[in-house]
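The block underneath contains the structure these notes are about, expressed in structure tokens.
The values are calculated or read from the model by the stated rules, or taken from the named source; none is laboratory data. What you see is a predicted model; the values in this text were computed from it and never measured. All Cβ positions, glycine included, derive from the backbone under ideal geometry; neighbour counts span all protein chains shown. These area figures cover heavy atoms from the full protein model, side chains too; ligands, DNA and RNA do not enter into them. Shrake-Rupley method; radii C 1.70, N 1.55, O 1.52, S 1.80 Å.
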Amino acid sequence: MSNACVTLNQLKFSWPGAQRLQLDIPQLQIDTGERVLLRGPSGSGKSTLLSLLAGIHKSKPGQINVHGHDLGKLSQRQLDRLRANEIGYIFQQFNLLPYLTAVGNVELAVKFAPARRARLAQRGVSVRAAAQQLLQHLGLDHNSQQQLAQHLSVGQQQRVAAARALLGAPALIIADEPTSALDEAHRDNFLKLLFQECDAQQSTLLFVTHDATLAPYFSRVVELEQLNQAAESTHV
Ligand SMILES: Nc1ncnc2c1ncn2[C@@H]1O[C@H](COP(=O)(O)OP(=O)(O)OP(=O)(O)O)[C@@H](O)[C@H]1O
Ligand SMILES: [Mg+2]
């Protein structure tokens with residue numbers, strides 16, 4: 001158990017007003033350092049599960065443990081702190097601030113995350129230098145780094161979103177279908193870079209997609225429909 005980055009027990013979740021359970025998951029464990037692909041069709045509840053793991057929504061029945069913390073036992077403030085410090089989230093739509101530069105978006109990730117800043121300080125790098133270095137590794141040159149996010153291509157925005165998630169080495173990187181807008185070559189290259197960076201800073205990766213062809217890249221594939229005992233009732 002001590003090697004677990006995420007554990008989930010007897011999770012039951014339904015959206016407010018919904019007639020039926022969206023998720024009913026007896027058990028899931030993701031060990032530190034794993035690269036897990038969470039797969040399932042559109043509408044099966046992948047993003048819902050991620051939002052529960054990140055403490056964005058709350059599940060009353062059941063237990064979710066992230067990086068040694070039982071989310072149900074944390075105050076809102078502690079939850080916000082844990083999310084800021086230990087979870088790097090790459091959203092389906094990237095959610096960059098359009099009027100900030102690429103590097104500005106990345107730096108913002110650690111503004112409210114003292115543990116992430118401390119890890120950078122321990123390495124002896126400034127936030128700015130670390131953000132630039134990550135963007136460089138992910139393939140954004142100096143000029144692109146200074147562009148406003150709203151002027152970047154989709155592929156560039158995705159790399160900025162990845163750098164923002166990775167900066168300051170959070171324990172868990174959650175990626176919600178960040179490759180769906182990319183062609184195959186860009187997608188493969190992005191995955192390679194994402195894995196390299198996760199390895200370099202020993203972050204655990206939970207990557208969501210409905211694309212079965214990505215499976216060989218990962219150390220484990222979790223099919224949400226096999227995990228989720230409410231799955232039959234979610235079929236439309
Ligand atoms: N904020 C919300 N309020 C109410 N219902 C929601 C909310 N978000 C999602 N749902 C419902 O939960 C179900 C699962 O949605 P979710 O977004 O988790 O699926 P998904 O597997 O991520 O799909 P996709 O592959 O299309 O992103 C859907 O039926 C959706 O309508
Ligand atoms: Mg989704």
Next item on the list: Mind telling me which of the residues PRO98, PRO114 ends up being within 14 Å of ALA169 (Cα to Cα) and not hydrophobic (A, V, I, L, M, F, W, C)?
Entry: PRO114
Next item on the list: Return only the number of the condition from (1) within 16 Å of ligand 2 (Cβ to nearest atom); (2) open to solvent by less than 60 Å² (accessible area, probe 1.4 Å); (3) touching a helix residue (DSSP H, G or I) at 6+ places or on another chain (Cβ under 8 Å) that LEU74 does not satisfy.
Entry: (1)
Notebook entry, point to check: away from ligand 2 (no atom under 16 Å from the Cβ) and touching a strand residue (DSSP E or B) at 6+ places or on another chain (Cβ under 9 Å) - does that describe any residue in the stretch 176-190?
Noted result: no
Checklist line | Search result, residues across the stretch 17-59 that are more than 16 Å from ligand 2 (Cβ to nearest atom), of a type in the set (Lys, Arg) and in contact with a strand residue (DSSP E or B) (Cβ under 8 Å, 6 or more places away or on another chain) | finding: ARG35
Next item on the list: Please find, among SER233, SER203, SER219, SER180, the residue that is at pLDDT below 85, among the polar types (S, T, N, Q) and under 18 Å from the mean Cα position of the chain (by Cα).
Entry: SER180
Notebook entry, point to check: Restricting attention to the stretch 161-175, does a residue exist that is touching a helix residue (DSSP H, G or I) at 6+ places or on another chain (Cβ under 6 Å), open to solvent by 20 Å² or more (accessible area, probe 1.4 Å) and of a type outside the set (Asp, Glu)?
Noted result: yes
Item checked: Matching residues in the stretch 44-61 - criterion: being crowded, with 16+ Cβ neighbours inside 10 Å and either part of a strand (DSSP E or B) or at pLDDT below 90 (or both) -> SER59
Check: If you check SER75 against the conditions, is it within 15 Å of ligand 1 (Cβ to nearest atom), hydroxyl-bearing (Ser, Thr, Tyr) and more than 22 Å from ALA162 (Cα to Cα)?
Finding: no
Next item on the list: Provide a single number: the residues in the stretch 2-39 that are assigned to a loop (DSSP other than H, G, I, E, B) and on the phi > 0 side of the Ramachandran plot.
Entry: 2
Item checked: Hey, LEU206 away from ligand 1 (no atom under 16 Å from the Cβ) and either open to solvent by less than 30 Å² (accessible area, probe 1.4 Å) or within 25 Å of ARG164 (Cβ to Cβ) (or both) or not -> no
Notebook entry, point to check: Can you tell me which of ASN105, ASN3 is out of contact with any His (no Cβ under 9 Å at 6 or more places or on another chain) and under 30 Å from ASP141 (Cα atoms)?
Noted result: ASN105
